[in-house]
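Have a look at the structure below, then the notes.
The values are calculated or read from the model by the stated rules, or taken from the named source; none is laboratory data. These figures come from a predicted structure and were not determined experimentally. Every residue, glycine among them, receives a Cβ derived from its backbone with ideal geometry; neighbour counts consider all protein chains shown. Calculation scope for accessible area: heavy atoms of the full protein, side chains included, ligands and nucleic acids excluded. Shrake-Rupley method; radii C 1.70, N 1.55, O 1.52, S 1.80 Å.
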Amino acid sequence: MHLPKGFRFSGVSCAIKTRPNTRDVSLVVLDESGVAAGVYTTNQIVAAPVVLSRSRTPSDSIRALVVNSGNANACTGTRGMNDAIAMTELVASQIGCRPEHVLIMSTGVIGRFLPMEKIRSGIVQASQVLAATETGFLDAVDGIMTTDAFRKTACLEMHCNQSDPIRIAGMAKGAGMIGPNMATLLGIIVTDAWLDPHSAQSLLKRVADHSFNCISVEGHTSTNDSLVLLCSGMASHRKPLDARDFDKFEESLTSLCIDLAKQIPDDGEGATHLIEIAITGAQSDADAHAIARNVALSNLVKTAITGGDPNWGRIVSAAGYAGVPIEPSHTHLQINGIKLFEFGEPIPFEASQVSQSIKSQKLTRIELQVGQGTGGAMHWTSDLNTEYVRFNSEYTT
(Lines give C-alpha, C1' and ligand atoms only; values in the text may rest on other atoms or scores of the structure.)
Protein backbone atom coordinates (compact mmCIF):
# COMPACT_ATOMS: atom_id res chain seq x y z
CA MET A 1 0.00 0.00 0.00
CA HIS A 2 1.58 3.29 -1.18
CA LEU A 3 0.29 5.96 1.18
CA PRO A 4 0.31 9.69 0.37
CA LYS A 5 3.12 11.78 1.83
CA GLY A 6 2.50 14.05 4.78
CA PHE A 7 0.11 11.93 6.86
CA ARG A 8 0.27 9.80 9.99
CA PHE A 9 -2.43 7.44 11.23
CA SER A 10 -3.45 5.51 14.32
CA GLY A 11 -6.34 3.56 15.78
CA VAL A 12 -6.71 2.33 19.37
CA SER A 13 -9.21 0.71 21.71
CA CYS A 14 -10.62 2.68 24.62
CA ALA A 15 -13.66 0.44 25.33
CA ILE A 16 -16.43 2.54 23.79
CA LYS A 17 -17.61 -0.62 22.05
CA THR A 18 -18.79 -3.59 24.07
CA ARG A 19 -16.55 -6.04 22.23
CA PRO A 20 -13.22 -6.18 24.09
CA ASN A 21 -10.01 -4.98 22.40
CA THR A 22 -11.91 -3.47 19.47
CA ARG A 23 -10.44 -0.27 18.06
CA ASP A 24 -12.81 2.67 18.45
CA VAL A 25 -10.75 5.88 18.29
CA SER A 26 -8.78 6.86 15.17
CA LEU A 27 -6.57 9.79 14.26
CA VAL A 28 -5.45 11.10 10.88
CA VAL A 29 -2.81 13.82 11.32
CA LEU A 30 -1.16 16.01 8.69
CA ASP A 31 2.50 16.83 9.25
CA GLU A 32 1.74 20.43 8.22
CA SER A 33 -1.48 22.37 7.76
CA GLY A 34 -3.37 21.17 4.71
CA VAL A 35 -6.52 21.66 2.70
CA ALA A 36 -9.77 19.97 3.71
CA ALA A 37 -13.16 19.70 2.03
CA GLY A 38 -16.26 17.94 3.27
CA VAL A 39 -19.64 16.61 2.14
CA TYR A 40 -22.16 15.78 4.84
CA THR A 41 -25.57 14.25 5.54
CA THR A 42 -28.71 15.87 4.10
CA ASN A 43 -30.73 14.77 7.14
CA GLN A 44 -32.22 17.68 9.13
CA ILE A 45 -31.38 15.80 12.34
CA VAL A 46 -27.62 16.30 12.43
CA ALA A 47 -25.05 14.99 14.91
CA ALA A 48 -22.77 17.41 16.75
CA PRO A 49 -19.60 16.22 14.92
CA VAL A 50 -21.24 17.01 11.57
CA VAL A 51 -22.21 20.51 12.69
CA LEU A 52 -18.67 21.15 13.87
CA SER A 53 -16.81 19.73 10.85
CA ARG A 54 -19.21 21.33 8.38
CA SER A 55 -18.46 24.72 9.95
CA ARG A 56 -14.70 24.12 9.48
CA THR A 57 -14.65 23.03 5.83
CA PRO A 58 -13.48 23.97 3.32
CA SER A 59 -10.21 25.15 4.83
CA ASP A 60 -6.50 25.43 4.08
CA SER A 61 -5.38 25.10 7.72
CA ILE A 62 -6.53 21.65 8.87
CA ARG A 63 -4.08 19.54 10.86
CA ALA A 64 -6.08 16.52 12.04
CA LEU A 65 -9.23 14.44 11.95
CA VAL A 66 -10.41 12.48 15.00
CA VAL A 67 -13.00 9.70 14.74
CA ASN A 68 -14.77 7.64 17.35
CA SER A 69 -16.98 4.63 16.67
CA GLY A 70 -19.56 2.90 18.83
CA ASN A 71 -21.37 6.14 19.73
CA ALA A 72 -22.79 8.62 17.20
CA ASN A 73 -23.00 11.61 19.54
CA ALA A 74 -26.27 12.41 17.75
CA CYS A 75 -29.42 13.88 19.32
CA THR A 76 -27.37 14.76 22.40
CA GLY A 77 -28.02 18.51 22.56
CA THR A 78 -25.69 21.02 24.18
CA ARG A 79 -23.71 18.36 25.99
CA GLY A 80 -23.06 16.56 22.72
CA MET A 81 -21.70 19.70 21.09
CA ASN A 82 -19.53 20.47 24.09
CA ASP A 83 -18.16 16.92 23.99
CA ALA A 84 -17.36 17.22 20.29
CA ILE A 85 -15.53 20.49 20.88
CA ALA A 86 -13.65 18.93 23.79
CA MET A 87 -12.45 16.10 21.53
CA THR A 88 -10.99 18.57 19.04
CA GLU A 89 -9.39 20.56 21.87
CA LEU A 90 -7.70 17.45 23.24
CA VAL A 91 -6.38 16.45 19.81
CA ALA A 92 -5.07 19.99 19.30
CA SER A 93 -3.23 19.90 22.63
CA GLN A 94 -1.65 16.56 21.73
CA ILE A 95 -0.33 17.48 18.26
CA GLY A 96 0.25 21.22 18.75
CA CYS A 97 -2.36 23.14 16.80
CA ARG A 98 -5.50 25.19 17.32
CA PRO A 99 -8.78 23.32 18.07
CA GLU A 100 -10.52 24.87 15.05
CA HIS A 101 -7.92 23.14 12.85
CA VAL A 102 -9.22 19.71 13.90
CA LEU A 103 -12.16 17.93 12.23
CA ILE A 104 -14.26 15.26 13.88
CA MET A 105 -16.48 12.29 12.97
CA SER A 106 -18.52 9.96 15.16
CA THR A 107 -20.52 6.85 14.31
CA GLY A 108 -22.54 4.32 16.27
CA VAL A 109 -25.69 4.29 18.35
CA ILE A 110 -27.81 7.46 18.29
CA GLY A 111 -29.03 9.21 21.44
CA ARG A 112 -26.34 8.27 23.92
CA PHE A 113 -23.84 10.60 25.55
CA LEU A 114 -20.17 9.99 24.83
CA PRO A 115 -18.11 8.28 27.57
CA MET A 116 -15.69 11.17 27.64
CA GLU A 117 -13.19 9.72 30.11
CA LYS A 118 -12.71 6.73 27.83
CA ILE A 119 -12.44 8.96 24.77
CA ARG A 120 -9.88 11.24 26.41
CA SER A 121 -7.77 8.18 27.19
CA GLY A 122 -8.18 6.94 23.62
CA ILE A 123 -7.12 10.24 22.05
CA VAL A 124 -3.99 10.39 24.19
CA GLN A 125 -3.15 6.78 23.27
CA ALA A 126 -3.80 7.37 19.58
CA SER A 127 -1.62 10.49 19.50
CA GLN A 128 1.30 8.51 20.92
CA VAL A 129 1.30 5.80 18.25
CA LEU A 130 0.81 7.84 15.07
CA ALA A 131 2.69 6.33 12.14
CA ALA A 132 3.07 6.96 8.41
CA THR A 133 2.80 3.22 7.75
CA GLU A 134 0.35 0.72 6.35
CA THR A 135 -0.13 -0.68 9.87
CA GLY A 136 -1.06 2.75 11.20
CA PHE A 137 -3.46 3.29 8.30
CA LEU A 138 -5.19 -0.07 8.82
CA ASP A 139 -5.43 0.51 12.57
CA ALA A 140 -7.25 3.76 11.76
CA VAL A 141 -9.56 1.86 9.40
CA ASP A 142 -10.40 -0.61 12.16
CA GLY A 143 -11.15 2.28 14.51
CA ILE A 144 -13.94 3.71 12.34
CA MET A 145 -15.85 0.45 11.81
CA THR A 146 -19.13 -0.50 13.51
CA THR A 147 -21.23 -3.26 11.92
CA ASP A 148 -18.81 -3.63 9.00
CA ALA A 149 -17.86 -7.21 8.17
CA PHE A 150 -14.63 -6.15 6.48
CA ARG A 151 -12.29 -3.19 6.00
CA LYS A 152 -13.14 -0.83 3.17
CA THR A 153 -10.00 0.69 1.66
CA ALA A 154 -8.64 1.79 -1.68
CA CYS A 155 -5.44 3.42 -2.91
CA LEU A 156 -3.87 4.41 -6.20
CA GLU A 157 -0.96 6.33 -7.68
CA MET A 158 -1.16 8.65 -10.67
CA HIS A 159 1.64 10.28 -12.65
CA CYS A 160 1.54 13.97 -13.51
CA ASN A 161 3.42 16.36 -15.75
CA GLN A 162 4.52 18.77 -13.05
CA SER A 163 5.08 16.84 -9.83
CA ASP A 164 6.11 13.62 -8.22
CA PRO A 165 3.62 10.75 -8.55
CA ILE A 166 0.46 11.69 -6.68
CA ARG A 167 -1.03 9.18 -4.28
CA ILE A 168 -4.61 8.91 -3.09
CA ALA A 169 -5.78 6.59 -0.31
CA GLY A 170 -9.21 6.17 1.19
CA MET A 171 -11.06 4.40 3.95
CA ALA A 172 -14.79 4.11 4.52
CA LYS A 173 -17.24 2.51 6.90
CA GLY A 174 -20.86 1.54 6.47
CA ALA A 175 -23.02 -1.54 6.03
CA GLY A 176 -26.53 -0.50 7.07
CA MET A 177 -28.58 2.73 7.29
CA ILE A 178 -27.40 3.48 3.76
CA GLY A 179 -29.41 5.67 1.39
CA PRO A 180 -28.63 7.96 -1.56
CA ASN A 181 -27.39 11.50 -0.83
CA MET A 182 -24.98 10.45 1.91
CA ALA A 183 -26.00 7.51 4.01
CA THR A 184 -24.73 6.30 7.37
CA LEU A 185 -21.20 6.23 6.18
CA LEU A 186 -17.89 7.77 6.97
CA GLY A 187 -15.39 8.36 4.20
CA ILE A 188 -11.86 9.72 4.60
CA ILE A 189 -9.76 10.42 1.51
CA VAL A 190 -6.13 11.54 1.83
CA THR A 191 -3.88 12.73 -0.97
CA ASP A 192 -0.53 14.43 -1.37
CA ALA A 193 -1.85 16.56 -4.24
CA TRP A 194 -2.37 20.26 -3.59
CA LEU A 195 -5.78 21.82 -4.22
CA ASP A 196 -7.08 25.18 -3.10
CA PRO A 197 -10.06 24.93 -0.70
CA HIS A 198 -12.65 26.08 -3.25
CA SER A 199 -11.47 23.62 -5.91
CA ALA A 200 -11.28 20.80 -3.36
CA GLN A 201 -14.84 21.44 -2.16
CA SER A 202 -16.42 21.62 -5.61
CA LEU A 203 -14.42 18.58 -6.74
CA LEU A 204 -15.47 16.50 -3.74
CA LYS A 205 -19.14 17.35 -4.31
CA ARG A 206 -18.92 16.23 -7.95
CA VAL A 207 -17.11 13.03 -6.98
CA ALA A 208 -19.62 12.24 -4.21
CA ASP A 209 -22.49 12.65 -6.67
CA HIS A 210 -21.00 9.86 -8.80
CA SER A 211 -20.04 7.54 -5.95
CA PHE A 212 -21.24 7.78 -2.35
CA ASN A 213 -24.50 9.47 -3.42
CA CYS A 214 -25.23 6.51 -5.70
CA ILE A 215 -25.40 3.73 -3.12
CA SER A 216 -28.11 2.39 -0.83
CA VAL A 217 -28.90 -0.56 1.39
CA GLU A 218 -32.34 0.30 2.72
CA GLY A 219 -32.57 4.01 1.90
CA HIS A 220 -32.13 5.39 5.43
CA THR A 221 -30.08 8.60 5.47
CA SER A 222 -28.34 8.92 8.82
CA THR A 223 -27.44 11.81 11.11
CA ASN A 224 -23.65 11.42 10.92
CA ASP A 225 -22.73 10.91 7.28
CA SER A 226 -19.44 12.60 6.48
CA LEU A 227 -17.01 12.44 3.58
CA VAL A 228 -13.78 14.41 4.00
CA LEU A 229 -10.92 15.01 1.57
CA LEU A 230 -7.54 15.97 3.10
CA CYS A 231 -4.72 17.31 0.91
CA SER A 232 -1.15 17.61 2.15
CA GLY A 233 0.36 18.99 -1.07
CA MET A 234 3.61 17.14 -0.40
CA ALA A 235 3.85 15.59 -3.87
CA SER A 236 3.78 18.93 -5.67
CA HIS A 237 5.48 21.12 -3.06
CA ARG A 238 2.13 22.85 -2.52
CA LYS A 239 1.84 23.93 -6.13
CA PRO A 240 -1.57 23.60 -7.80
CA LEU A 241 -2.14 21.09 -10.57
CA ASP A 242 -2.41 22.40 -14.11
CA ALA A 243 -5.70 21.92 -15.96
CA ARG A 244 -4.68 18.64 -17.58
CA ASP A 245 -3.41 17.09 -14.35
CA PHE A 246 -6.45 18.36 -12.45
CA ASP A 247 -8.76 16.54 -14.87
CA LYS A 248 -6.66 13.41 -14.48
CA PHE A 249 -6.78 13.78 -10.69
CA GLU A 250 -10.58 14.14 -10.74
CA GLU A 251 -10.86 11.00 -12.84
CA SER A 252 -8.61 9.08 -10.44
CA LEU A 253 -10.41 10.36 -7.34
CA THR A 254 -13.78 9.44 -8.83
CA SER A 255 -12.57 5.94 -9.62
CA LEU A 256 -11.23 5.47 -6.09
CA CYS A 257 -14.44 6.75 -4.48
CA ILE A 258 -16.63 4.51 -6.65
CA ASP A 259 -14.47 1.58 -5.54
CA LEU A 260 -14.93 2.53 -1.89
CA ALA A 261 -18.64 3.29 -2.27
CA LYS A 262 -19.41 -0.08 -3.88
CA GLN A 263 -17.80 -1.87 -0.95
CA ILE A 264 -20.51 -0.49 1.35
CA PRO A 265 -23.60 -2.17 -0.19
CA ASP A 266 -21.41 -5.18 -0.91
CA ASP A 267 -21.20 -5.41 2.89
CA GLY A 268 -24.90 -4.63 3.42
CA GLU A 269 -25.98 -6.17 6.71
CA GLY A 270 -26.89 -9.76 5.86
CA ALA A 271 -26.54 -9.10 2.13
CA THR A 272 -25.86 -11.94 -0.27
CA HIS A 273 -25.75 -9.82 -3.44
CA LEU A 274 -24.35 -6.52 -4.65
CA ILE A 275 -26.78 -5.13 -7.22
CA GLU A 276 -25.43 -2.81 -9.93
CA ILE A 277 -28.08 -0.78 -11.74
CA ALA A 278 -27.17 0.87 -15.04
CA ILE A 279 -29.76 3.24 -16.52
CA THR A 280 -29.48 4.55 -20.09
CA GLY A 281 -31.75 6.36 -22.52
CA ALA A 282 -33.23 8.82 -20.01
CA GLN A 283 -33.96 12.42 -20.97
CA SER A 284 -31.22 13.64 -18.61
CA ASP A 285 -28.67 12.32 -16.13
CA ALA A 286 -30.86 13.62 -13.31
CA ASP A 287 -33.81 11.58 -14.62
CA ALA A 288 -31.58 8.52 -14.92
CA HIS A 289 -30.46 8.92 -11.29
CA ALA A 290 -34.09 9.20 -10.15
CA ILE A 291 -34.95 5.96 -11.94
CA ALA A 292 -31.87 4.17 -10.63
CA ARG A 293 -32.70 5.24 -7.06
CA ASN A 294 -36.25 3.97 -7.41
CA VAL A 295 -35.10 0.58 -8.60
CA ALA A 296 -32.37 0.42 -5.95
CA LEU A 297 -34.79 1.21 -3.12
CA SER A 298 -37.53 -1.23 -4.19
CA ASN A 299 -37.87 -3.98 -1.61
CA LEU A 300 -39.61 -6.09 -4.24
CA VAL A 301 -36.60 -5.84 -6.55
CA LYS A 302 -34.18 -6.51 -3.69
CA THR A 303 -36.02 -9.60 -2.42
CA ALA A 304 -36.33 -10.96 -5.96
CA ILE A 305 -32.55 -10.84 -6.29
CA THR A 306 -32.20 -12.56 -2.90
CA GLY A 307 -34.25 -15.47 -4.21
CA GLY A 308 -32.77 -15.51 -7.70
CA ASP A 309 -36.21 -14.70 -9.09
CA PRO A 310 -36.09 -13.07 -12.58
CA ASN A 311 -39.31 -11.14 -11.87
CA TRP A 312 -38.53 -8.37 -14.32
CA GLY A 313 -41.92 -6.67 -13.90
CA ARG A 314 -40.78 -5.34 -10.53
CA ILE A 315 -37.84 -3.57 -12.16
CA VAL A 316 -39.65 -1.90 -15.05
CA SER A 317 -42.57 -0.86 -12.85
CA ALA A 318 -40.15 0.75 -10.37
CA ALA A 319 -38.79 2.79 -13.29
CA GLY A 320 -42.32 3.75 -14.28
CA TYR A 321 -43.21 5.42 -10.97
CA ALA A 322 -39.93 7.30 -10.50
CA GLY A 323 -41.70 10.54 -11.42
CA VAL A 324 -39.68 11.27 -14.56
CA PRO A 325 -40.51 10.64 -18.23
CA ILE A 326 -39.69 7.31 -19.84
CA GLU A 327 -40.58 5.81 -23.23
CA PRO A 328 -42.28 2.43 -22.64
CA SER A 329 -42.01 1.43 -26.31
CA HIS A 330 -38.25 1.97 -26.14
CA THR A 331 -37.67 0.28 -22.80
CA HIS A 332 -35.29 -2.67 -22.65
CA LEU A 333 -34.08 -4.78 -19.71
CA GLN A 334 -31.21 -7.20 -19.20
CA ILE A 335 -30.13 -9.04 -16.06
CA ASN A 336 -26.55 -10.32 -16.10
CA GLY A 337 -26.48 -9.80 -19.86
CA ILE A 338 -29.62 -11.86 -20.53
CA LYS A 339 -32.44 -10.01 -22.34
CA LEU A 340 -35.83 -10.21 -20.61
CA PHE A 341 -37.82 -7.27 -22.01
CA GLU A 342 -37.42 -5.37 -25.27
CA PHE A 343 -39.30 -2.52 -27.00
CA GLY A 344 -41.86 -2.57 -24.21
CA GLU A 345 -42.68 -6.25 -24.65
CA PRO A 346 -41.61 -9.50 -22.95
CA ILE A 347 -39.31 -11.76 -24.91
CA PRO A 348 -38.73 -15.50 -24.45
CA PHE A 349 -35.99 -16.42 -21.98
CA GLU A 350 -35.03 -19.39 -19.87
CA ALA A 351 -36.02 -18.46 -16.31
CA SER A 352 -33.80 -21.13 -14.79
CA GLN A 353 -30.78 -19.73 -16.64
CA VAL A 354 -31.38 -16.23 -15.30
CA SER A 355 -32.05 -17.55 -11.80
CA GLN A 356 -28.83 -19.54 -11.82
CA SER A 357 -26.85 -16.55 -13.05
CA ILE A 358 -28.13 -14.53 -10.07
CA LYS A 359 -27.61 -17.26 -7.48
CA SER A 360 -24.15 -18.27 -8.64
CA GLN A 361 -22.40 -14.91 -8.18
CA LYS A 362 -22.29 -12.03 -5.70
CA LEU A 363 -22.80 -9.30 -8.31
CA THR A 364 -26.13 -8.93 -10.12
CA ARG A 365 -26.11 -6.38 -12.95
CA ILE A 366 -29.39 -4.79 -14.04
CA GLU A 367 -29.23 -2.87 -17.33
CA LEU A 368 -32.34 -0.83 -18.07
CA GLN A 369 -32.79 1.40 -21.11
CA VAL A 370 -35.80 3.70 -20.66
CA GLY A 371 -35.89 5.60 -23.94
CA GLN A 372 -33.75 7.21 -26.60
CA GLY A 373 -32.28 10.06 -24.56
CA THR A 374 -28.67 10.66 -23.61
CA GLY A 375 -29.10 10.51 -19.82
CA GLY A 376 -27.42 7.76 -17.85
CA ALA A 377 -26.62 6.78 -14.27
CA MET A 378 -25.16 3.99 -12.16
CA HIS A 379 -26.34 2.99 -8.68
CA TRP A 380 -25.36 0.18 -6.36
CA THR A 381 -27.44 -1.48 -3.67
CA SER A 382 -27.70 -4.74 -1.74
CA ASP A 383 -30.38 -7.40 -1.67
CA LEU A 384 -32.74 -7.78 1.28
CA ASN A 385 -33.18 -10.95 3.30
CA THR A 386 -34.16 -12.27 6.71
CA GLU A 387 -30.65 -11.82 8.12
CA TYR A 388 -30.93 -8.05 7.64
CA VAL A 389 -34.24 -8.05 9.54
CA ARG A 390 -32.81 -10.17 12.35
CA PHE A 391 -29.66 -8.07 12.68
CA ASN A 392 -31.44 -4.75 12.82
CA SER A 393 -34.23 -5.94 15.09
CA GLU A 394 -31.58 -6.75 17.71
CA TYR A 395 -29.15 -3.85 17.09
CA THR A 396 -29.24 -2.26 20.55
CA THR A 397 -30.47 -5.26 22.55
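Taking 14 Å as the cut-off, the amide N atoms of segment 251-291 that come nearer than this to a point 7 Å along the Cα-to-beta-carbon line of residue 19 belong to 269-270. If you plug the beta carbon distance of residue 359 and residue 390 into 1/(1 + (r/R0)^6) with R0 = 22 Å, you get a FRET efficiency near 0.55. The distance between label points at residue 311 and residue 196 comes to 5.5 nm (points 7 Å beyond Cα on the Cα→Cβ vector). If the segment from residue 31 to residue 330 were pulled out straight at 0.36 nm per residue, it would be longer than the present Cα-Cα gap by 102.0 nm.
Once you sort the root eigenvalues of the Cα gyration tensor of segment 254-300 as a ≥ b ≥ c, which label holds: rounded (a/c under 1.5), prolate (a/b larger than b/c) or oblate (the other case)? Taking the square roots of the gyration eigenvalues as a ≥ b ≥ c, segment 254-300 is oblate.
Taking label points 7 Å from Cα along the Cα-to-Cβ direction, residue 342 and residue 93 give a separation of 7.1 nm. Rolling a 1.4 Å probe over the heavy atoms of the protein chains gives the chain an accessible area of 39 Å² per residue. In straight-distance terms, cross-link reach from residue 262 covers every one of the aspartates and glutamates whose alpha-carbon lies under 13 Å from its own, apart from those fewer than eight places away in the same chain; here that gives 276. The length gained on full extension between residue 164 and residue 239, counted as 0.36 nm times the residue separation minus their Cα-Cα distance, comes to 25.9 nm.
Summary value for the chain: 17 percent relative contact order, contacts being C-alpha pairs under 8 angstrom separated by 6+ residues. Treating r as the C-beta distance of residue 86 and residue 135 and R0 as 22 Å, the FRET efficiency rounds to 0.15. Ligands, DNA and RNA aside, residue 160 has an accessible area near 20 Å² when probed at 1.4 Å.
Taking 1, 81 and ordering them by how much accessible surface each has at a 1.4 Å probe, largest first, produces 1, 81. Using heavy atoms of the protein chains and a probe of 1.4 Å, the accessible area assigned to residue 78 is about 100 Å². Relative to a virtual label point 7 Å from the Cα of residue 284 in the Cα→beta-carbon direction, which members of segment 355-375 show backbone nitrogen distances below 14 Å? Within reach of a label on residue 284, which here means backbone N under 14 Å from a point 7 Å along Cα→Cβ, segment 355-375 contributes 374-375.
Taking 7 Å steps out from each Cα toward its Cβ at residue 79 and residue 117 produces label points 1.5 nm apart. Going by accessible surface with a 1.4 Å probe and the largest first, 146, 133, 386 read 386, 133, 146. Normalised by the number of residues in segment 85-162, the mean separation of alpha-carbon contacts (under 8 Å, six or more apart) gives a relative contact order of 24 percent. Here segment 219-282 and segment 116-175 have alpha carbon centers that stand 15 Å from each other. Annotation: residue 383 carries an accessible surface of approximately 10 Å², with a 1.4 Å probe and no ligand, DNA or RNA atoms counted.
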